[in-house]
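J.: Encoded as structure tokens, here's the structure I'll be asking about.
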Amino acid sequence: MRDTSAPGLALSVADKKNSEIQSLTSSVTQAQYDVAEQQAIVSSLQAKSQQFNLYLTQADDDQESALANLNLGKDALSSATSLVASMTTATSKVNEASSGASDVAAQMAELVNKLILSIEYINKTAQLVNKQKANNPLVPDKLIDNMSKAAANANNAIALSLAALQSCYVAEATLLESSEVLALGSRQSGQLRERMSYLWDSQSGKVLMAANAAPSSMEVPGIVAMLQQAYDDAKANYNQALTSNNIVTSQLSHAQAELADAQVRLNSYQAGLAAATAAAYAA
């Protein structure tokens, strides 16, 4: 007796294999689309990551430059502070010399000793002024000339005993003039330091408040205050650039992992389709 069920069974198996191949083909197509889409995402994030790396490098360079400028500003402020102290000391010494010259005018017996002391003060002051002149153009040339004249007058007073008293008066007058010049230089160097350190009202020419205070529309920050703000801004910009770069790097790593998974799925579907196709032809 012939088995009439065989053709139907063969047809059922063929339909099942054909359905499996169609399903695998559809899966391969979808997986190829997923891989292409994920590859586009990865490529976009790679370009974005490169750009953000450039931003981060630039922000780091800006931060280093701002810090270097701030340190230079602080060094300049320290020099200005030292200048103020030196000018104050010089003024004090010149005043002392002037007082000494006034005293020796009353007592000739002490004239030579007082003049020697004055010469010592004058020479030390002249050396100090010459050093400050090299660093600070605010010190006038006239001051240096007056210091030289004072020293010359004092030496002549010692050598010429008959003109000692008169020479003392000349030296005293010169020292008084030098004291006034030094006082002016001291005030100007003090203003320079304050302009570097504090908030400055350019209209009134007065110090308003400390540099860390919030400025109003009428106030201008000192040099160091502005350099500090520039550094703070550069540091904040760097931190923001670093955060953004880390986010993009994390996104890129996640997208690359997703791409790898998509490629694995595609390879799996392609292998399954090849095996199903081969089995169908073999049958």
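J.: Looking at region 68-98, which of its residues are open to solvent by 70 Å² or more (accessible area, probe 1.4 Å), within 22 Å of Arg195 (Cβ to Cβ) and of a type outside the set (Gly, Ala, Ser)?
T.: Asn69, Asn71, Leu72, Lys74, Asp75, Thr88
J.: I've got another one for you. Out of all the residues in region 45-59, which are surrounded by 15 or more Cβ atoms within 10 Å (Cβ to Cβ) and under 21 Å from the mean Cα position of the chain (by Cα)?
T.: If the condition is that a residue be surrounded by 15 or more Cβ atoms within 10 Å (Cβ to Cβ) and under 21 Å from the mean Cα position of the chain (by Cα), then Tyr55, Leu56, Ala59 are the ones that fit.
J.: Within region 14-24, can one find any residue that is open to solvent by 70 Å² or more (accessible area, probe 1.4 Å), of a type outside the set (Ser, Thr, Tyr) and modelled with pLDDT of 90 or more?
T.: Looking for residues that are open to solvent by 70 Å² or more (accessible area, probe 1.4 Å), of a type outside the set (Ser, Thr, Tyr) and modelled with pLDDT of 90 or more, one finds none in region 14-24, hence no.
J.: If you don't mind, another one. How about region 25-40: which of its residues are surrounded by fewer than 17 Cβ atoms within 10 Å (Cβ to Cβ) and over 17 Å from Leu273 (Cα atoms)? Step through it out loud before you land on a result.
T.: In the first step, residues of region 25-40 are kept if they are surrounded by fewer than 17 Cβ atoms within 10 Å (Cβ to Cβ); the result is 25-26, 29-30, 32-33, 36-37, 39-40.
Across region 25-40, the qualifying residues are Ala36, Glu37, Gln39, Ala40.
J.: Turning to a different aspect of this structure: Regarding Ala90, is this residue part of a helix (DSSP H, G or I) and either at pLDDT 75 or above or within 36 Å of the chain's Cα centre (by Cα) (or both)?
T.: Details: part of a helix (DSSP H, G or I): yes; either at pLDDT 75 or above or within 36 Å of the chain's Cα centre (by Cα) (or both): yes.
Against the criterion (part of a helix (DSSP H, G or I) and either at pLDDT 75 or above or within 36 Å of the chain's Cα centre (by Cα) (or both)), Ala90 qualifies.
The values are calculated or read from the model by the stated rules, or taken from the named source; none is laboratory data. Computed from a predicted structure; not experimentally measured. Every residue, glycine among them, receives a Cβ derived from its backbone with ideal geometry; neighbour counts consider all protein chains shown. Side chains included, ligands, DNA and RNA excluded: accessible areas come from the protein's heavy atoms. Shrake-Rupley method; radii C 1.70, N 1.55, O 1.52, S 1.80 Å.
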